[in-house]
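Structure first, then comments.
Derivation of every value follows stated rules applied to the coordinates shown; laboratory data play no part. All values derive from a computational prediction rather than experimental measurement. Don't worry about glycine lacking a Cβ; one is built from the backbone with ideal geometry, like all the others, and counts go over all protein chains shown.
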Amino acid sequence: MFYSATLLVVFGLINDFVTCAEWSYSSPYGPSNWTTMHGNAACGLRAQSPIDIPDATNAQYDEMLVPFVVMGFEKKTNVLKLVNNGHTAQLNIIGDLKVSGGGLSGTYNTAQLHFHWGSSSNKGSEHLRNRTRYPLEMHIVNYNSKYDSLTNAAPKPDGLAVLGFWFKVVAEDNKMFAKLVNNLTKIQNADDEVDVTDVLVSDLIIPKLDKYYRYKGSLTTPPCYESVTWTMFEETIPISENQLRLFRNLKEKKPNHKIVNNFRPVQQLNGRRVSRSFKLETDGANTICSSSIVTVLLVYLLHLL
Ligand SMILES: [Zn+2]
């Protein structure tokens, strides 16, 4: 009796430990176990992120996907706080930054941006493109302005719009990113943070936000809410190996562990559609082809008359 009661208590303690433990990217609390951890049931649903974005020819052109409009990204007065939260380097944004257009309904407020990277440059991105991995991916997280905060918007189906950017390795440092990545040396340990005053968010993105892929998905970290309208931009951002090294030197909360490979494995599409905002030559060829058929028919009909 005593023995079984002790077993029950021990089992209860283990269970509490498992459900209360913080998620990570490696076992025993890695992606394959997220659903079993308290509050993360959504991680097992069918519209999860990231995914393998198909080749442009296998994505469907959607004329509703107009260019994005960003507001306040170039302001020097924005308050930016760079934080090592143990999972990533995150730039918290306090200011009047907004995103609209891009086939979104209404305006979304910009809350933060953060990164996912690999231990080496043959991996790191969360989204793949036609099975290709990139060394770094940046996510700009925006919440629907009809909700009063990121926290309240996050579980709502139309709550979030994340703008994602792939990076490619080049020989030269990306000067636009120099100020931000040099600040990474000041947040080496988990929970470190530093105020960043000389970074413009507009310097961190590509100039033309018109060519992108779109699908409906989820947060890529627990609690994995399926509330994200995802955008992945076609144009990559350059970054050097020296700059990537500064990301790879950041430390997790776990002693002596560096933050690397902080990406979730790709999830099944499960019938979801991936659209694109830009036309391909093959799209144009269909139009020419169909207009040629109309011309031939007209000529034939006129001939009959
Ligand atoms: Zn992310």
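Cα gyration tensor of the stretch 138-241, axes a ≥ b ≥ c as square roots of the eigenvalues: rounded (a/c below 1.5), prolate (a/b > b/c) or oblate? Note, shape of the stretch 138-241 comes out oblate.
Counting neighbouring beta carbons within 10 Å and listing from fewest to most, the residues M232, M64 come out as M64, M232.
Taking the Cα centre of each part, how many Å lie between the stretch 180-216 and the stretch 238-263? The distance from the Cα centre of the stretch 180-216 to that of the stretch 238-263 comes to 15 Å. Comparing mean-square fluctuations of Q268, Q112, Q188 from a GNM of the chain with C-alpha springs under 10 Å, the top value falls on Q268. Counting Lys and Arg as +1 and Asp and Glu as -1 over every other residue whose Cβ lies under 12 Å from the Cβ of M64, the net charge comes to 0.
Net charge in the neighbourhood of R276 (other residues with Cβ under 9 Å of its Cβ; Lys, Arg +1, Asp, Glu -1) is +1.
Taking θ as phi - 60° and the Karplus parameters 6.51, -1.76 and 1.60, the scalar couplings of the stretch 138-152 work out to 10, 10, 9, 9, 10, 10, 4, 5, 6, 9, 8, 7, 4, 4, 6 Hz in sequence order, x denoting glycine and proline. Backbone amide hydrogens, once placed in the peptide plane, bring A89 within less than 5 Å of F115, excluding anything fewer than 5 places away on its chain.
Per-residue ellipticity at 222 nm, computed for the chain from helices alone with -39500 (n - 2.57) per DSSP H run of at least four residues, works out to -6500 deg cm²/dmol. A dipole drawn for the stretch 46-286 from +1 and -1 charges on Cβ atoms has a positive end, and of N261, F177, S240 the residue lying farthest that way is N261.
Here the 3J(HN,Hα) profile of the stretch 73-84, calculated from phi with Karplus coefficients 6.51, -1.76 and 1.60 at θ = phi - 60°, is 5, 9, 6, 7, 8, 4, 8, 10, 10, 8, 10, 9 Hz, Gly and Pro shown as x. Projecting label points 7 angstrom from Cα along Cα→Cβ for D192 and E172 puts them 2.9 nm apart. Taking every alpha-carbon pair under 8 Å whose residues sit at least 6 apart, the stretch 46-286 reaches a relative contact order of 29 percent. Per residue, the convex hull spanned by the Cα atoms of the stretch 33-118 measures out at 187 cubic angstrom. Build a GNM of the chain with springs between Cα atoms under 10 Å apart, and of T57, T35, T88 the one that fluctuates most is T57. Database remark: amide H of Y225 closer than 5 angstrom to the amide H of L219 (H placed geometrically; neighbours at sequence offset of 5 or more, or on other chains; Pro and chain starts carry no H).
In this structure, the amide hydrogen of K168, modeled 1.01 Å from its nitrogen in the peptide plane, lies closer than 5 angstrom to those of I237, I239, counting only residues at least 5 positions away or on a different chain.
Using the Cβ atoms and a cut-off under 9 Å, what net charge is assigned to the surroundings of N109, where Lys and Arg are +1 and Asp and Glu are -1?
With Lys, Arg at +1 and Asp, Glu at -1, the net is 0.
If you take the square roots of the eigenvalues of the alpha-carbon gyration tensor of the stretch 184-275 and sort them as a ≥ b ≥ c, do you get rounded (a/c under 1.5), prolate (a/b over b/c) or oblate? Here the stretch 184-275 falls in the oblate category.
Rounded, prolate or oblate for the chain? Axes are the square roots of the Cα gyration tensor eigenvalues, ordered a ≥ b ≥ c, and the cut-off for rounded is a/c under 1.5. Note, shape of the chain comes out prolate. Across the stretch 88-105, coupling constants 3J(HN,Hα) worked out from phi with the 6.51/-1.76/1.60 Karplus curve, θ = phi - 60°, read 6, 9, 10, 9, 7, 10, 10, x, 9, 9, 9, 10, 9, x, x, x, 7, 8 Hz, and Gly and Pro carry x. A simple charge model with +1 on the Cβ of Lys and Arg, -1 on the Cβ of Asp and Glu and nothing else charged puts the dipole of the stretch 99-165 at about 260 debye relative to its Cα centre. Taking every full run of DSSP H in the chain, the ones that stretch at least 30 Å from end to end by Cα along their long axis and average 0.5 or higher on the Kyte-Doolittle scale are 281-304. Among D192, D96, D283, the largest mean-square fluctuation in a Gaussian network model of the chain, built with springs joining Cα atoms closer than 10 Å, belongs to D283.
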